[in-house]
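Each remark here refers to the structure printed beneath this line.
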Amino acid sequence: MPSGYVPIFIYLVIAILFPVVLIVAAKLIRPSAPFRTKLEAYECGIQAASDSRGRYTVRFYIIAILFVIFDVETIFLFPWAVRYRTLGWFGVAEVAVFLAILIVGYIWAYKKGALEWV
């Protein structure tokens, strides 16, 4: 085994053991006296009105997924911006195609009504 990997393995062992040891130590040290009032969700002293596992409309999930997809796609512009001068016109054409696909996706989502909040 190359000696260059030894520090990585040591770091990996420490990174795994540190949180495990702290969680076990906290479990052993802390006082534990659970009772019904202590285990309830705290809402400023007000009793919970309903179960927290309510149903959400699908729109919330669609908006979240669209945000993640388009946000991650725009992150791909960063490497292009770093290498902009060396790519030349080929790089401009590449990013134009990429942005055209991205815009088509936005238009499709808009026409499907996925971006409407009402």
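None of the figures in this text is laboratory data; all of them are computed from the coordinates on show. Only a predicted model underlies this, so the values are computations on that prediction, with no experimental measurement involved. Here the Cβ positions follow ideal geometry from the backbone for every residue, glycine too, while neighbour counts run over all protein chains shown.
Which of the chymotrypsin sites (Phe, Trp or Tyr not before Pro) found in the stretch 74-104 are loop residues per DSSP with 15 or fewer other Cβ atoms within 10 Å of their Cβ?
Values: sites: PHE76, TRP80, TYR84, TRP89, PHE90, PHE98; in loops: PHE76.
Loop-located and lightly packed - PHE76.
Taking a virtual spin label 7 Å from the Cα of ILE107 along the C-beta vector, which residues in the stretch 73-98 bring their backbone nitrogen under 15 Å of it?
97-98
Tell me, in nm to one decimal, what length is gained between GLU116 and ILE29 on full extension, where the rule is 0.36 nm per residue of separation less the Cα-Cα distance? Working shown, then result.
Working: separation 87, 0.36 × 87 = 31.32 nm, distance 5.14 nm.
Length gained between GLU116 and ILE29: 26.2 nm.
How big is D for the stretch 62-113, in µm² s⁻¹ as a whole number, if Stokes-Einstein is applied with the Kirkwood radius of its Cα pairs at 4 °C and 1.567 mPa s?
Here the translational diffusion coefficient equals 107 µm²/s.
Mean residue ellipticity at 222 nm from the helices of the chain, using -39,500 (n - 2.57) per DSSP H segment of n ≥ 4 over the full residue count, to the nearest 500 deg cm²/dmol? Numbers along the way, then the final one.
Numbers: 5 runs with 81 residues, N = 118.
That comes out to -23000 deg cm²/dmol.
Label VAL97 and ILE63 with points 7 Å out from Cα along Cα→Cβ: what is the distance between them in nm?
Going from the VAL97 label point to the ILE63 one covers 3.5 nm.
Just ILE14, ILE69, ILE107 to compare: in a GNM of the chain, with alpha carbon springs under 10 Å, which one fluctuates most?
Answer for the Gaussian network model of the chain: ILE14.
Per residue of the stretch 92-104, what does 6.51 cos²θ - 1.76 cosθ + 1.60 with θ = phi - 60° give for ³J(HN,Hα)? Whole Hz please, x for Gly and Pro, Karplus curve as stated.
5, 5, 4, 6, 5, 5, 4, 5, 5, 4, 5, 5, 4
Find the eigenvalues of the gyration tensor of the Cα atoms of the stretch 3-112, then list the square roots of 5 times those eigenvalues as equivalent ellipsoid semi-axes, largest first, in whole angstrom.
Details: eigenvalues 421, 212, 16 Å².
Ellipsoid semi-axes (Å, largest first): 46, 33, 9.
Taking θ as phi - 60°, what are the ³J(HN,Hα) couplings along the stretch 32-37 by the Karplus curve (6.51, -1.76, 1.60), each to the nearest whole Hz, with x for Gly and Pro?
For the stretch 32-37, the Karplus-derived couplings read 10, 9, x, 8, 4, 5 Hz, x marking Gly and Pro.
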